[in-house]
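Shown next, in structure tokens, is the structure this report addresses.
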Amino acid sequence: MLSSAFSTGLLSFTHYSDVAEQELQEVVEYLESFQFYWRGTSVALVSPTVYCSVVNQGQDIEKVVSILCDQPPQSDSSIHWVNVQSFEMDRVDKLNHIQQVFKREQFELFCQPYMRLSGPEESKQSFEVLLRLKEQDGKVLPPSAFFPLINQFGLEIKLDHWVILNTFRMLSDKVKNWDTIGHCAINLTAKTLSAENLASRIIESAHSFDIPLDKICFEITESSALINEQQAIETLNLLRKLGCKIAIDDFGTGYASFAYLRRLPLDILKIEGAFVREITESETDRLIVSSIATVAKEMHLETVAEFVETPAHSLILRDLGIDFAQGYGVAKPLPMNAYLNTLFEIEEQRQHLTRSEAVTL
């Protein structure tokens, strides 16, 4: 017996009805039990899905479709009721909440350092800037908890510029000796990267806070398509001319994989953690990481392995020729303010010891 998918249905009502739902359930059960024969083969229908909308007079059914695209039902039920008015009220509440987050500046910068695995030994520290949201009750939320709202309301560019501006502000306040910094990596969304005025705004912010752009790296995610690839390439080329490094993040599992290496001007390749997490056990993952490292070296790109959790991971990655490791096995994300304070306290102590040794000699 074969099975065949049944088309999804969308029905609209002026109000919720128990009677209507009961009758719809009977229709669904009938369709589930229905069979027909095609060229001698019995064919059953896959359970249909029916969406029922509560639509007031003057409301467009397209709005219901938009709701279903934004928030598809999560339950396994065959019948789903969609209340347009309730959805719109919820949307207004969410928009108000995220606007208040911007107004109160509840976003907080964190950072996670890299550890050099191979190549020349150096004391310079490189790190990635991460974003968290600090709720009024003190709870700190990761991007997965708030970024869907940022995307839903088209606030990616606003948020990216907030991160750039506040990162530059903190670096200007904390960094006393830029020779101790390898690079500071800042993430950019595809939407921001495709904006025409991105480079000019970065230049303006860098000048305002006296930031040497050769210490800044911009990371672009490989897990989503660039909205305007030609504009993005022009922007990346300009940023590189100004001294910035360009990294591609989550490499290996996303939208374009090796095709991006051919088209985008890059300096650093960050290997998706899915290939790193099981590298101590998986020969396949070791082969994949090794092949990526080989291609990167031929293209004169530095490599960073993400999700490095143990010293064993680091040793294998070093043997495979990976340049840097990043992950909880290296260091957990820390508030950027605290990280920079600690970094330069250590640097001052090192310089003090060096001076003391010189005097002794």
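General observations
- Extreme residue, surrounded by the fewest Cβ atoms within 10 Å (Cβ to Cβ), among residues of segment 159-186 that are under 20 Å from residue 101 (Cα atoms) and in contact with a strand residue (DSSP E or B) (Cβ under 8 Å, 6 or more places away or on another chain): 162
- Of the criteria (1) buried (at least 19 other Cβ atoms within 10 Å of the Cβ); (2) over 17 Å from residue 114 (Cα atoms), which one residue 216 fails: (2)
- Residue count for segment 323-349 satisfying the condition of being without any contact (Cβ under 8 Å) to a residue 40 or more places away in the chain and not in a helix (DSSP H, G or I): 2.
- Residues that are surrounded by 15 or more Cβ atoms within 10 Å (Cβ to Cβ) and assigned to a loop (DSSP other than H, G, I, E, B), drawn from segment 119-158: 155
- For segment 98-118, a residue qualifies if it is in a loop (DSSP other than H, G, I, E, B), within 24 Å of residue 246 (Cα to Cα) and modelled with pLDDT of 90 or more, and the qualifying residues are 114, 117.
- Per-region count, segment 251-269, residues farther than 22 Å from residue 241 by Cβ and touching an Asp or Glu at 6+ places or on another chain (Cβ under 9 Å): 7
The values are calculated or read from the model by the stated rules, or taken from the named source; none is laboratory data. For clarity, every value in this text was computed on a predicted model and none was experimentally measured. Neighbour counts run over all protein chains shown; Cβ positions are idealised from the backbone, glycine included.
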